[in-house]
Amino acid sequence: MTLDSSTNESILEAARIFVQEEASKHSDGHDWTHIQRVTALAVRLARHMGADPFVCELAALLHDVPDEKLNDSLEAGMAKLNTWLDNQPLLEPSTREVVVNIISTISYAGGQGAAVDSLEAQVVQDADRLDALGAIGIARTFAFSGARGREMYDPSLPPREQMTREEYRNGRSTTINHFYEKLFKLKDLMNTSYGKELAQRRHEYMVQFVEQFKQEWEGMDR
Ligand code: ADP
Ligand code: NI
């Protein structure tokens, strides 16, 4: 990894321009503001955990470029990422390899508990998961569901575990269900100690939100 900070800054600036341009083509939660928040968190976690801040920042900026939802396939997305990296002569090959490894482990792990090996990969994965939690996580989930015309809540629906695959696929799930399906599980999947600490606070905030939401739904809030 290069020690020249102005070189690093020019690579980061090129990445910001590329990713912002890519993100402007989509509007479903993989927006530029998600990338900005994840990147800020990744740098903060990196400093706290003693990980390489440049590697974490660059990987965080690029982490959603190969996302399956934004490309024909994960492979096509990785190819897009590699094409951009081919055009970064200032980036050392060893750093490039580290960054590609981080992004591919995170992408292929699909967010479902698969262990990531390096501290830098752990930091970037934690930062991405943190942005699904807390007040921002709540807002993103409702925005995502609203865009898909999904209902907020339906107390008569069975929990996800008791639904058939078909029922679930056919949209018989609600926004509130997503908290149980995914968001409440994330705090136990965090890698780093600092990530766990932040996730715990964001988790408690969401639990409180869902409790209050259900009370208000029944007109039974205190
Ligand atoms: P990531 O940022 O890790 O790529 P996703 O692409 O899975 O996250 O989702 C983007 C955002 O949309 C997240 O905040 C997530 O909570 C929300 N989301 C994803 N799937 C659903 C769903 N089935 N219902 C409601 N919200 C969802
Ligand atoms: Ni992401």
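The values are calculated or read from the model by the stated rules, or taken from the named source; none is laboratory data. Values in this document were obtained by computation on a predicted structure and should not be read as measured data. Ideal geometry is used to build each Cβ from the backbone, glycine not excepted, and the neighbour counts take in all protein chains shown. Protein only, heavy atoms only, side chains kept; ligands, DNA and RNA dropped before computing areas. Shrake-Rupley method; radii C 1.70, N 1.55, O 1.52, S 1.80 Å.
Sites listed here are chymotrypsin sites (Phe, Trp or Tyr not before Pro) in the stretch 142-222 whose DSSP assignment is loop and whose Cβ has at most 16 other Cβ atoms within 10 Å: Tyr153. Helical content of the chain, expressed as a calculated mean residue ellipticity at 222 nm, amounts to -20500 deg cm²/dmol (DSSP H runs of 4 or more residues, -39,500 (n - 2.57) each, divided by residue number, nearest 500).
Loop-located trypsin sites (Lys or Arg not before Pro) in the stretch 39-143 (DSSP state not H, G, I, E or B) with no more than 14 neighbouring Cβ atoms inside 10 Å do not occur. In plain terms, the chain from Asp72 to Arg201 could stretch by 42.8 nm, reckoned as 0.36 nm per residue minus the Cα-Cα distance. Relative contact order, whole percent, for the chain stands at 19, derived from Cα pairs under 8 Å and 6 or more residues apart. Of the GluC sites (Glu not before Pro) found in the stretch 1-93, not one falls in a DSSP loop while having at most 12 other beta-carbon atoms within 10 Å. Membrane-span-like helices of the chain, defined as complete DSSP H segments with a Cα extent of 15 Å or more along the helix axis and a mean Kyte hydropathy of at least -1.0, are identified as 5-23, 32-49, 74-86, 93-109, 119-130, 134-147. Grab the other residues whose beta carbon is less than 12 angstrom from that of Gln125, score K and R as +1, D and E as -1, and report the net. Neighbourhood net charge equals -4. Here the stretch 1-145 has 55 percent of its accessible surface on carbon and sulfur atoms, given a 1.4 Å probe and all protein chains in place. When the listed pairs Lys185/Lys214; Lys25/Lys196; Lys69/Lys187; Lys80/Lys185; Lys80/Lys187 are checked against a 27 Å cut-off, the alpha-carbon distance exceeds it for Lys25/Lys196; Lys80/Lys185; Lys80/Lys187. Surface exposure of the chain, expressed per residue as accessible area with a 1.4 Å probe, stands at 53 Å². Straightening the chain between Arg150 and Thr7 buys 46.9 nm, computed as 0.36 nm per residue apart minus the Cα-Cα spacing. Neighbours of Asp188 by Cβ distance under 11 Å: Lys/Arg scored +1, Asp/Glu scored -1, total +4. Projecting the Cα atoms of Leu198, Val43, Val65 onto the charge dipole of the chain (Cβ charges, centred on the Cα centre) puts Leu198 farthest toward the positive pole. As a calculated quantity, the FRET efficiency between Glu218 and Phe142 at R0 = 25 Å, using C-beta atoms, amounts to about 0.80.
Here the label points at Gln88 and Asp188, each 7 Å from Cα along the C-beta direction, are separated by 3.6 nm in the simple model. Over all other residues within a Cβ to Cβ distance under 11 Å of Pro53, the charged ones net out to -1, with Lys and Arg as +1 and Asp and Glu as -1.
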